[in-house]
């Protein structure tokens, strides 16, 4: 399949614009063909008009039809074969094994949402039957379920060129909810995006979905994303990226004549607390595990642990010796693009110049600028300095972490109490530690969306119980998750039907429960008919 | 119980400020004693500091303890007896029967949320057990449930001095979620607010709840509400009121260093469509019912039908004759305060001056300005004019409605397609009408939070299946409801626990399911233990 570098406007390809750009292989610095054309505002408007027209048809499709579409997207992505893997590797510098694994995750997510639709209970159907004799007023028949919001704008993320990009979790959950989707491809991997975008359109046509159910626009200019968010037909936005980028889209969405929700997953340092019992039992193993988690994928995960908090005692010193040794031995790696590498180097430098922060260890491996390579880096500070310097809580995207050495358990709690919102916090401890540090865990519960015990935050399992979203600035609203089946809720809202005859109700709300879903009927969960 | 007009800061009463105001009886124009003192910023800060301290204790209370607290609040409100009824009547001009009924609704809401807590399933517990042998990576044990957000600011509404005010749905759902609450009392009924606020504090003390679990501040100045929303400890806002007021709070919340969600129920005209089959069968009854719904409570409901859409044919003319007659005969009524009456009169006047709009009928009853009385009013326009004049969709709060006379079914659909968001839409029809006008219903589904068939939108039942929230500008996010048990979700967010031992998990997430709640375990709903 030859890449064309054009925008995918429903079933049409279009490149009316003048501005073009090239992707670049970060491992070599070489530009990659073809030239890609920034979408014009007219093209973006056309994509939204088609998305709106398509929505009116798409929302009448049955859950099984939409499930088949999602599964077919997965099949079409797999059918792209090595061409996809190779292109993604060359656009991101990520190794083949990682991209192959990420393809599996992406296809798995699509199939997971297909399963959610087959099951059908995700619509949260609630039924309260009429009580005509109730005093002082009769109770009407009320039935409520989730319905799709409308066309959704999805922004591809750079760090997951498949799983959080064109056919990633946002697109999969929006399509599953019954929304149509216009993706803004990430300019760091336009070719990967085009391959996946074309696969989605293949699948749409094969499954008799309306043209415009999916479109994709390219661009390096902020204008492209802005036009997408400002368009009156856009009903919600999915975004994974930087705090600055998320806030810019959020402000734009709030300044529309009709504000729309922006589901933005932005910034998190994912603190890891290592408590004394765990330190005594397996400090060395934790030091190795932490190094692995920090440097995994060259530290380019939103759940990379950017803070480790320990007690500054003999055990803590032994741990630090081990940690320094494993950072010294950690390999360098190619980052996604030169901009990310430069931000990483500046971020580390900025931390290191703060008084009370020490640049403890750099990996001894060589980092070649031409290969966009980053060097793992370990910094240290005291609990007191951490509390006094809010900048120490800023995310540094890349393979670095800051160890906060606390002089007491109370100091450790004060560090936690001082946190802003994060996606995750991790506690390494024994069950006894959990008892002793109960107050710390209580504090952390308020600060994050996911608490991990004796593990590491990287590795975000895609399932019903995952919550990938935390208090600001981790996300704009910690109520919602961008990973796992609950992500579908972002693109739906409840609609109540009062007094409607059976024949005019959606299947999910009819007495006989033809889809056999779980429903809350007169305040009891049941799969039974009414 | 003597009113003191002071602010309730946890268990303390406080009136440090210089600015005072008096409530006024709208039915007489007389000021009501005592003078009420605007809260100072220092008092507001103290309320939030107490709310934060109290939250750390309150969130450890068991569901049954919180349920007992909610029930006790209801008992304390009832124990206020006639003093509450009389004060509320004199501050609002609403009749005794209405206030008595509203007290029942308020107490009923508190008991309903107590029931939600006893049941316990509202936390949406989800469990995915570990799969240590999964390839390519083991699956960790993940368990997720809703937890409270923290201190919540609640703004009392003027039009429901009990049910949407100090101990109304927002406060009840926030307390039920495990949040502490600071209420901004509505300045139109400060005495009613004080009585209810003191009842809540009585209940808190009787139930051993921490001081600061509830506070209430008074004020006519916008500063009071602004300070409440800006305070760093405030984690969410509940508001029912005007579009302008809701937007102002929203912008303030968004401009905080950490944005917080504002759940604002604001503006809705609640269109009522009368289809030909229903018109033929019972046009006269619908005309009477519509008049009753428009003038109920002097039109001061957020679900008042402000638009009726009919086909302009012989049937439609007969309907109009009947509607005019019933508006002529409709009684005037005292509005909540002079400001609302003045806005009503101006709103009607503004509509009537728009070209193509006719002021069709005014009630023949006298409206005495000294009694703050409003006159029911019927206006008419064409479908075409409605589509061309966006101002015709603005809410007029009071006993008026605008009939849109459409020249065809297509014109009727075009009117619906043109709508912005509303809380409700109503369709009067036969089952055959529903078939013929299926496209109209599909359009309305996208515009509102509740669709009513053969009824009227006033009368918002408080139950699990109610959804009282629609697309903007009805609310800021149609995902959430401010009425019914699902309102509790606004004040909670999910937290996932990964790999935690049983002993450190909340009861709701433990294997044995000690609370017997419904949980999604490995993607199946069940009350069984894991």
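The values are calculated or read from the model by the stated rules, or taken from the named source; none is laboratory data. Because the structure is a prediction, the values reported are computed rather than measured. Because the Cβ atoms are built from the backbone with ideal geometry, glycine has one as well, and the counts that use them run over all protein chains shown.
Scanning segment B:122-139 for residues that are facing chain A (nearest Cβ under 7 Å) and surrounded by 14 or more Cβ atoms within 10 Å (Cβ to Cβ) gives B:126, B:127, B:128, B:139.
Conditions tested, residue by residue: (1) in a helix (DSSP H, G or I); (2) at pLDDT 95 or above.
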| site | (1), (2) |
| --- | --- |
| B:122 | yes, yes |
| B:137 | no, no |
| B:145 | no, yes |
| B:159 | no, yes |
| B:165 | no, yes |
| B:192 | yes, yes |
| B:197 | yes, yes |
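For the condition out of contact with any strand residue (DSSP E or B) (no Cβ under 6 Å at 6 or more places or on another chain), without any contact (Cβ under 8 Å) to a residue 40 or more places away in the chain and under 30 Å from residue B:260 (Cα atoms), residue A:394 does not qualify. Scanning segment B:464-476 for residues that are without any contact (Cβ under 8 Å) to a residue 60 or more places away in the chain and either within 20 Å of residue A:501 (Cα to Cα) or facing chain A (nearest Cβ under 7 Å) (or both) gives B:464, B:465, B:466, B:467, B:472. The residues of segment B:427-446 that are within 17 Å of residue A:150 (Cα to Cα) and surrounded by fewer than 18 Cβ atoms within 10 Å (Cβ to Cβ), listed by number, are B:439, B:442, B:445.
Scan B:105, B:87, B:149, B:59 and give me the residue that is crowded, with 24+ Cβ neighbours inside 10 Å and within 11 Å of another protein chain (Cβ to nearest Cβ).
Within the list B:105, B:87, B:149, B:59, the selection yields B:149.
The lone criterion from (1) more than 30 Å from residue B:118 (Cβ to Cβ); (2) within 9 Å of another protein chain (Cβ to nearest Cβ); (3) in contact (Cβ under 8 Å) with a residue 40 or more places away in the chain left unmet by residue B:480 is number (1).
Okay, residues lined up against (1) surrounded by 22 or more Cβ atoms within 10 Å (Cβ to Cβ); (2) in contact with a strand residue (DSSP E or B) (Cβ under 8 Å, 6 or more places away or on another chain); (3) within 27 Å of residue B:20 (Cα to Cα):
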position	(1), (2), (3)
B:227	yes, no, yes
B:230	no, no, yes
B:233	no, no, yes
B:238	yes, yes, yes
B:245	no, yes, yes
B:257	no, no, no
B:262	yes, yes, no
B:266	yes, yes, no
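Return the residues of segment B:510-520 that are more than 9 Å from chain A (Cβ to nearest Cβ) and buried (at least 16 other Cβ atoms within 10 Å of the Cβ); say none if nothing qualifies. Before the answer, list the steps.
Of the residues in segment B:510-520, the ones more than 9 Å from chain A (Cβ to nearest Cβ) are B:510-517, B:519.
Matches in segment B:510-520: B:510, B:513, B:515, B:517, B:519.
Looking at B:381, B:372, B:385, just one residue is at pLDDT 95 or above and under 20 Å from residue B:339 (Cα atoms), and that residue is B:372. The selection criterion, being within 23 Å of the chain's Cα centre (by Cα) and either under 17 Å from residue B:7 (Cα atoms) or not in a strand (DSSP E or B) (or both), holds for residue B:154. Contact map, segment B:432-445: first residue at the interface with chain A (Cβ under 8 Å from one of its Cβ atoms), second residue surrounded by fewer than 22 Cβ atoms within 10 Å (Cβ to Cβ), Cβ cut-off under 6 Å, separation 6 or more or different chains; pairs are B:434/A:504.
With respect to (1) under 19 Å from residue A:184 (Cα atoms); (2) outside any strand (DSSP E or B); (3) in contact with a helix residue (DSSP H, G or I) (Cβ under 8 Å, 6 or more places away or on another chain), the lone exception for residue A:237 is condition (2).
Taken over segment B:109-120, the criterion of being surrounded by 15 or more Cβ atoms within 10 Å (Cβ to Cβ), assigned to a helix (DSSP H, G or I) and more than 9 Å from every other protein chain (Cβ to nearest Cβ) is satisfied by B:109, B:110, B:111, B:112, B:113, B:114, B:117. Can you pull out the strands (runs of 3 or more DSSP E) entirely within segment A:1-108 that have at least 3 residues that are under 30 Å from residue A:369 (Cβ atoms) and touching a strand residue (DSSP E or B) at 6+ places or on another chain (Cβ under 6 Å)? Output list reads A:20-24, A:31-37. Among B:242, B:267, which is the only one that is within 14 Å of chain A (Cβ to nearest Cβ) and within 15 Å of the chain's Cα centre (by Cα)? Testing whether each residue is within 14 Å of chain A (Cβ to nearest Cβ) and within 15 Å of the chain's Cα centre (by Cα) leaves just B:267.
Scanning segment B:446-463 for residues that are more than 7 Å from chain A (Cβ to nearest Cβ), in contact with a strand residue (DSSP E or B) (Cβ under 8 Å, 6 or more places away or on another chain) and closer than 19 Å to residue B:263 by Cβ gives a single hit, B:448.
One line per residue, one yes/no per condition, for (1) in contact with a helix residue (DSSP H, G or I) (Cβ under 7 Å, 6 or more places away or on another chain); (2) over 21 Å from residue B:284 (Cα atoms):
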site	(1), (2)
B:397	yes, yes
B:401	yes, no
B:405	yes, no
B:421	no, yes
B:429	yes, no
B:439	yes, yes
B:452	no, no
B:461	no, yes
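For segment B:483-505, the count of residues that are more than 7 Å from chain A (Cβ to nearest Cβ), crowded, with 24+ Cβ neighbours inside 10 Å, part of a loop (DSSP other than H, G, I, E, B) and modelled with pLDDT of 95 or more is nonzero.
If I filter segment B:448-457 for residues that are crowded, with 24+ Cβ neighbours inside 10 Å and farther than 30 Å from residue B:179 by Cα, do I get at least one hit?
Yes, the conditions are met somewhere in segment B:448-457.
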